[in-house]
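Any read-out appearing in this document is the output of simple, stated calculations on the displayed coordinates, not a laboratory observation. Values in this document were obtained by computation on a predicted structure and should not be read as measured data. Backbone-built Cβ (ideal geometry, glycine too); neighbour counts: all protein chains shown.
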Amino acid sequence: MGKRANPKNDFQTEQKTSDFNLKTDLTDFKKKMTELDTIKVFFDHSVCTYEGFERIEITKKSDSIKVRTEFKELTFNENQNPNWNLVYEKKISETDTIWQFEKFIERNSNRKTSDEKERGILIVANKKDTIQFFTNGLVDLNRFLEDYYLTMRKIYPENKNGIYGIELIEE
C-alpha cells in the first residue's frame, strides 16, 4: 500500500506580509501601503480652553484608500464621557491628487519628535511604529492647525460642524 497524502501539506497557506514602513513610507502611503496595513492618525484640535480630538483610520482595498474619521469634543459637552462620533468615511483612488496628506506630512517634517515628553498634536501609528508631531507655542500651533485644516478640507469640503476650522469672510 502506498503512503497516503496529507491534505494539510498539500494546501499550505502562504503567509502574507507587508513591507510598509511608517517612518520611510508615510509620505507615499497611498501607493506603498497594502491591504494588510492600517494607519491610525490622532489629531488634537485643542487650543486654549477648547478641547476636541479626531481619530482617523486609513486602510487600503485593492487600488483605493478608505479614510474613516471620528471626532470627540469635550469643551461644549456637559457629558463627562462623550462618545466618538463618525464624521465621514471616504473612499479615494490611490492615485488621488486632491487630498495631499503626504505633502502635509512632508511640509511639517521638522515637527517630528520621538521625545514622549512633548505634547503630540498629531500622532500617526502603524503596527508598532509611531510618529509624533509637536508645535512650539500658540502661534506655531495655530499655523499647524491652519495647514492641517486646509489639507483636510480637500477630502471633506463639507466640513460639517466646522471640525476643520471656520472660514473667515473678509468684507
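Assuming a ≥ b ≥ c are the square roots of the Cα gyration tensor eigenvalues, decide whether the range 117-171 counts as rounded (a/c under 1.5), prolate (otherwise, with a/b larger than b/c) or oblate.
oblate
Given N residues in the range 33-100, what is its alpha carbon radius of gyration divided by 2.2 N^0.38 Å?
Values: Rg = 14.6 Å, N = 68, 2.2 N^0.38 = 10.9 Å.
Ratio of Rg to 2.2 N^0.38 Å for the range 33-100: 1.33.
Among 36-47, 88-99, what's the highest-first ranking by average C-beta atoms within 10 angstrom per residue?
Top of the packing list down: 36-47, 88-99.
Just the Cα atoms of the range 18-61, one point each, no solvent: what log10 I(q)/I(0) does Debye give at q = 0.34 Å⁻¹?
-1.21
Alpha carbon centre of the range 122-170 versus the range 44-108: separation in Å?
Result: 9 Å between the Cα centres.
In nm, give the distance between the simple-model label positions of TYR88 and LEU150, each being 7 Å from the Cα along the Cα-to-Cβ direction.
That separation, rounded to one decimal, is 1.8 nm.
Packing-wise, with mean Cβ within 10 Å as the measure, how do 49-56, 134-141 rank, highest first?
Listed from highest to lowest mean packing, they are 49-56, 134-141.
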